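Here's the structure we're looking at; comments come further down.
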Amino acid sequence: MNLFIDTAEVAEIREAQSWGILDGVTTNPSLVAKTGRDFESVLREICSIVDGPISAEVVSTDAPGMVEEGARLARLHRNVVVECPVTPEGLKATRSLTGRGHRVNVTLVFSAAQALLAAKAGAAFISPFVGRLDDVGHDGMDVVGQILEMLDHYTYPAEVLVASVRSPVHVIRAAQMGAHGATCPFAVLQQLVKHPLTDVGLERFLADWKKAKH
Ligand code: E4P
């Protein structure tokens with residue numbers, strides 16, 4: 001089970017990386033905009049922190065533009081994975097970028113149908129957005145189940161990277177289903193490690209240790 005962090009904040013990435021559990025990073029235009037920094041310099045810095053797939057999204061909406069932008073991003077570092085939306089233009093760009101040897105994360109996936117097309121276009125990663133599906137009254141994890149079941153019959157190289165994760169429950173369900181990975185905001189990674197009984201237990205151990213003679 002791969003755990004990615006879904007942020008462009010380098011301080012969060014450094015901290016998560018120091019825990020020794022991080023396999024990669026995903027960003028998106030909203031997350032990069034929030035940093036107020038130049039995209040390429042943030043991307044370079046992220047690549048210097050984590051040695052794993054780093055998703056960087058294109059903002060062009062036409063295939064030639066996406067391909068040009070994606071190829072430029074991919075040239076920045078060998079770990080850059082180009083993120084393309086699952087639109088007809090995005091599928092064209094995915095096919096073209098994978099043909100040139102670049103890895104593509106097909107993003108904004110909300111259905112098994114979209115995931116099938118992404119796999120056929122050569123995606124290295126497929127990102128179903130579970131939290132946003134939950135927000136509109138669906139069960140996002142049901143879609144993940146459908147995608148995994150579907151891909152299990154074939155040999156597409158695509159990995160299912162559960163995205164738009166809002167809580168540890170999404171991550172655990174993803175792992176139980178055998179999803180290849182989940183990308184989590186830093187807050188969710190913190191929630192994953194935290195348990196009140198761990199805190200109370202540790203406090204008690206330390207208090208008992210202080211009382212004892214040694
Ligand atoms: C994935 O690449 C996206 O950045 C993502 O997970 C978006 O999640 P959100 O719905 O919390 O914005």
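The values are calculated or read from the model by the stated rules, or taken from the named source; none is laboratory data. The structure displayed is predicted, hence computed values, not measured ones. Reconstructed Cβ throughout: ideal geometry from the backbone, glycine too, with neighbour counts over all protein chains shown. For accessibility, only protein heavy atoms count, side chains too; no ligands or nucleic acids. Shrake-Rupley method; radii C 1.70, N 1.55, O 1.52, S 1.80 Å.
A few points about this structure:
- Of the complete DSSP H runs in the chain, those spanning 18 angstrom or more by Cα along the long axis with a mean Kyte-Doolittle score not below 0.0 are 63-76.
- Think of each Lys and Arg Cβ as +1 and each Asp and Glu Cβ as -1; about the Cα centre, that makes the dipole of segment 2-213 roughly 500 debye.
- Ligands, DNA and RNA are left out, and with a 1.4 angstrom probe the accessible area of segment 2-213 is 50 Å² per residue.
- Computed over the Cα atoms of segment 2-213, the ratio of the radius of gyration to the Kirkwood radius (Rg/Rh) comes to 1.05.
- Annotation: extensible slack from GLU68 through ARG37 equals 9.0 nm (criterion: 0.36 nm per residue apart, minus Cα-Cα distance).
- Fraction of antiparallel bridges per DSSP, segment 59-214 only, in percent to nearest 5: 0
- The figure for THR198 is an accessible area of roughly 80 square angstrom, using a 1.4 Å probe on the protein chains alone.
- Mean separation of Cα pairs under 8 Å and 6 or more residues apart, divided by the residue count, gives the chain a relative contact order of 17 percent.
- Taking trypsin sites (Lys or Arg not before Pro) across segment 59-114, the ones in a DSSP loop with at most 12 further Cβ atoms lying within 10 angstrom of their Cβ are ARG78, ARG100.
- The simple Förster model, with R0 at 25 Å and r as the Cβ-Cβ distance, assigns MET1 and ARG132 a FRET efficiency of 0.70.
- Förster-model FRET efficiency, 22 Å R0, ARG75 and SER48, C-beta, rounded to 0.05: 0.90
- A simple count of charges around ALA207, restricted to other residues whose Cβ falls under 15 Å of its Cβ and scoring Lys, Arg +1 and Asp, Glu -1, yields +1.
- Summary of packing: across the peptides 144-153, 199-208, 116-125, the per-residue average of other C-beta atoms within 10 Å ranks them, highest first, as 116-125, 144-153, 199-208.
- Solvent-accessible surface (1.4 angstrom probe) belonging to SER30, in square angstrom, nearest 10: 80
- Percent carbon-and-sulfur accessible area, segment 2-213, ignoring ligands, DNA and RNA, probe 1.4 Å: 56
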